[in-house]
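Notes to accompany the following structure.
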Amino acid sequence: MKTVYCDITKQEVPATEAYRGGEIRTALLKLIQKDHPDFTADKFISFDKLNEYRKDYIAKLIEQEVGEISQLEEEVIHAIQSNKLLSENIEEDINEPLTFGQRLADMIASFGGSWTFIIIFFCFIAFWMLVNMWILAHRSFDPFPFILLNLILSCLAAIQAPIIMMSQNRQEDKDRRRSEHDYKVNLKAEIEIRLLHEKLDHLMVHQNQRLLEIQQLQSDFLADILHEVKGVNGKGT
């Protein structure tokens, strides 16, 4: 197997696992030359070392785009460097054990946003008005304009609103954690795909070079065979 000398690690590596400096994109080549000024286009660098510089280059690109690297981007970069999977099930972490108050808030929010609550609510109001206007017309406990009913409804709205908000805030926190996880997975996938494309491009270039070498050798063999055939024909004449 043909090997080449990696000018970064100072070790020999298989030719199929190394990049020539001229095959590396300019921005990445400049980043390597900052640490190794003597690295030129005709020298080689191993896959593993080049991937380290790619990750540093990606980190700098993210920092330039967003101004600074957030904790999410740092987790993605660390996951790439350590080959760690991010696409894991986080539902177990999100669905933590609920307290009695949280369960009660969810039940009230679920019941308050249903047609059952609306129907019961309007039936209660209609019954209240019927009792005070017709059944107890002369001795009603809440005559028109139903001040006591308005007080009860105001208290119900004042208590129901913050309870529903507690449930919604907890649901929003779950959605936020899910969206952050999806963002990290998508960002890592995008970066990995870019690195994979560069590796495939390198393999295609390297394979094409080998095919050209094989074609050149075949051409040389054909030329030798033609030369021998002409020599035999010349002797025969």
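A few notes on this one:
- Filter result (touching a helix residue (DSSP H, G or I) at 6+ places or on another chain (Cβ under 9 Å) and of a type outside the set (D, E)) within segment 125-146: I125, W128, M129, N132, S140, F141, P143, F144, F146
- Extreme residue, nearest to S110 (Cα to Cα), among residues of segment 162-187 that are among the β-branched types (V, I, T) and more than 24 Å from the chain's Cα centre (by Cα): I164
- Of the strands (runs of 3 or more DSSP E) that lie entirely inside segment 1-60, those containing 3 or more residues that are out of contact with any Cys (no Cβ under 9 Å at 6 or more places or on another chain) span 3-6.
- Being in a helix (DSSP H, G or I), acidic (D, E) and loosely packed, with under 13 Cβ neighbours inside 10 Å is a property that E180 lacks.
Here is a yes/no grid of residues against (1) aromatic (F, W, Y); (2) surrounded by 11 or more Cβ atoms within 10 Å (Cβ to Cβ):
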residue: F121; (1), (2): yes, yes
residue: I125; (1), (2): no, yes
residue: M129; (1), (2): no, yes
residue: N132; (1), (2): no, yes
residue: A137; (1), (2): no, no
residue: F146; (1), (2): yes, yes
residue: M166; (1), (2): no, yes
residue: D173; (1), (2): no, yes
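- Any hit, segment 170-186, residues being free of Cβ contacts under 8 Å to residues at least 40 places away in the same chain and under 30 Å from I24 (Cβ atoms): yes
- Taking each residue of segment 6-32 that is in contact (Cβ under 8 Å) with a residue 40 or more places away in the chain and looking for partners that are part of a strand (DSSP E or B) and crowded, with 16+ Cβ neighbours inside 10 Å with beta-carbon atoms closer than 6 Å, six or more apart or interchain, yields C6/V13; C6/F44; C6/I45; C6/S46; I8/I45; T9/S46; A15/V4; Y19/I45.
- Checking each residue in segment 9-33 for being surrounded by fewer than 16 Cβ atoms within 10 Å (Cβ to Cβ) and touching a His at 6+ places or on another chain (Cβ under 7 Å) picks out only T16.
- Counted residues, segment 34-43 - those being touching a helix residue (DSSP H, G or I) at 6+ places or on another chain (Cβ under 9 Å) and surrounded by fewer than 18 Cβ atoms within 10 Å (Cβ to Cβ): 4
- Some residue of segment 189-202 being within 40 Å of the chain's Cα centre (by Cα), at pLDDT 75 or above and part of a helix (DSSP H, G or I): yes
The values are calculated or read from the model by the stated rules, or taken from the named source; none is laboratory data. Computed from a predicted structure; not experimentally measured. When we count neighbours, we look across all protein chains shown, and the Cβ atoms used for this are built from the backbone with ideal geometry, even at glycine.
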